[in-house]
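The values are calculated or read from the model by the stated rules, or taken from the named source; none is laboratory data. Remember, it's a predicted structure, so these values are computed and weren't measured experimentally. Glycine gets a Cβ as well: all are built from the backbone with ideal geometry, and neighbour counts include every protein chain shown.
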Amino acid sequence: MASPSGIEALLAQARSRLERVAPQDLTAEQAAGALVVDIRPYEQRERDGEMPGAVVIDRNVLEWRLGPTSPHRIAAITDHDRRVVIVCNEGYSSSLAAATLQLLGLRRATDLVGGFQAWRASVDPTRRPSGAGSVDDDVAGRRPTWVSGGGR
């Protein structure tokens, strides 16, 4: 098998630094004090629903709102050890975002495996993800079969 290149390599590198959260463990993370941050665009939240207990922060300002030393950070970020779980639609852009937050000093930043779609399926197993890819592909670490970017 050829070694990954481009975005696949970047994603693998980012994930190698993360202790990713499984969808069924998100409630326990929140109960333990983790800040869950939903970075999905408005359209996805409108289509699929909100994530209970999550703070919504647009991806384009995430580093400014969560950087521990940023003068524009939200009040919930008081130090470098705050546990933050980033959630996107399917668990790809959240991995890159969490790795970037670690580079900014938020040591315990991570993301949700499979994103909102996997979490929603874990809450209601009869629901299938809205994207064309399978949540099982991401959970198992396999590349999804679709290539259009809609969920990331």
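Matching residues to (1) at positive phi; (2) under 8 Å from the mean Cα position of the chain (by Cα); (3) hydrophobic (A, V, I, L, M, F, W, C):
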site	(1), (2), (3)
74	no, no, yes
82	no, no, no
89	no, yes, no
95	no, yes, no
100	no, no, no
107	no, no, no
117	no, no, no
123	no, no, yes
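Can you spot a residue in the range 48-69 that is modelled with pLDDT of 95 or more, part of a helix (DSSP H, G or I) and under 11 Å from the mean Cα position of the chain (by Cα)?
yes
List pairs: first residue in the range 33-56 and touching a residue at least 24 places away in the same chain (Cβ under 8 Å), second residue assigned to a helix (DSSP H, G or I) and loosely packed, with under 15 Cβ neighbours inside 10 Å anywhere in the structure, Cβ distance under 7 angstrom, at least six positions apart or on different chains.
Within 7 Å, no pair qualifies.
If you check 122, 130, which single one turns out to be part of a helix (DSSP H, G or I) and modelled with pLDDT under 95?
122
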